[in-house]
Amino acid sequence: MPHAYDPTNIFARILRGEIPNKTVVETAHTLAFHDIAPQAPVHVLVIPKGAYVTFDHFAAEASAEELVDFHRVCAQICADLGLSIGSGGPGYRAITNAGGDGGQEVPHYHLHLLGGRPLGRMVERA
Ligand code: 5GP
């Protein structure tokens, strides 16, 4: 089934400048900003500027340039915020939710970068 993109979603509105955001990094293809309801001392959302609904949609259909740009922004944030274990940081968690079972609230692909405290188990046991 094709991924139907809803251009009225809140992140599309942020990308159009209709809603303010606290930007961390912006490039030609990617925007990263602080989550409005942080779940950890660091909670950054990284989104592509293109109209992608989920991780698998982005992974399947984005250009090589978009894919590289997105992931380099993630790496830059991990370095800049002192999270990367590669530079002695404490680590972090990268999460993406997709669709109903994934608990996705905003239907524009986004990666959550969480850190600044031990984050516990990845998923609640049912
Ligand atoms: P999801 O549940 O879709 O994986 O995550 C959506 C995230 O977007 C949530 O963590 C929520 O706090 C965040 N969010 C929702 N609306 C806004 C907004 O208007 N601005 C910002 N910065 N974050 C938002």
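Values quoted throughout were computed directly from the atomic coordinates according to the rules given, and no laboratory measurement underlies them. Every value quoted in this text rests on a predicted model; they were computed, and no experiment measured them. Because the Cβ atoms are built from the backbone with ideal geometry, glycine has one as well, and the counts that use them run over all protein chains shown.
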Item checked: Prolate/oblate/rounded call for the range 13-126, Cα gyration tensor, a/c under 1.5 rounded -> rounded
Notebook entry, point to check: Residues with amide H under 5 Å of VAL24's amide H, sequence separation 5 or more or different chain, H placed in the peptide plane at 1.01 Å from N; which?
Noted result: ALA32, PHE33, HIS34
Checklist line | For GLN104, residues with placed amide H under 5 Å, excluding near neighbours | finding: ALA98, GLY99
Next item on the list: Could you go through the range 35-49 in sequence order and give the Karplus-derived ³J(HN,Hα) for each residue, using 6.51 cos²θ - 1.76 cosθ + 1.60 with θ = phi - 60°, rounded to whole Hz, and x for Gly and Pro?
Entry: 5, 6, 10, x, 9, 7, x, 10, 8, 10, 9, 10, 10, x, 7
Next item on the list: For every helix of n ≥ 4 consecutive DSSP H residues, a contribution of -39,500 (n - 2.57) applies; sum these over the chain, divide by its total residues, and give [θ] at 222 nm rounded to the nearest 500 deg cm²/dmol.
Entry: -7500 deg cm²/dmol
Item checked: Within the chain, longest stretch clear of exposed GluC sites (Glu not before Pro) (DSSP loop, no more than 16 other Cβ within 10 Å) -> 19-104
Check: Of PHE33, PHE55, how do they rank once you tally other Cβ atoms within 10 Å and put the fewest first?
Finding: PHE55, PHE33
Margin query: From the phi angles alone, apply the Karplus equation (6.51, -1.76, 1.60; θ = phi - 60°) to the range 103-111 and give each ³J(HN,Hα) in whole Hz, x where the residue is Gly or Pro.
Written below: x, 6, 9, 10, x, 10, 3, 8, 9
Notebook entry, point to check: Under the classification rounded if a/c is under 1.5, otherwise prolate if a/b is larger than b/c and oblate if not, where does the range 1-78 fall, given a ≥ b ≥ c as square roots of the Cα gyration tensor eigenvalues?
Noted result: oblate
Check: How large is the charge dipole for the chain, taken about the Cα centre, if only the Cβ atoms of Lys, Arg (+1) and Asp, Glu (-1) carry charge, to the nearest 20 debye?
Finding: 420 debye
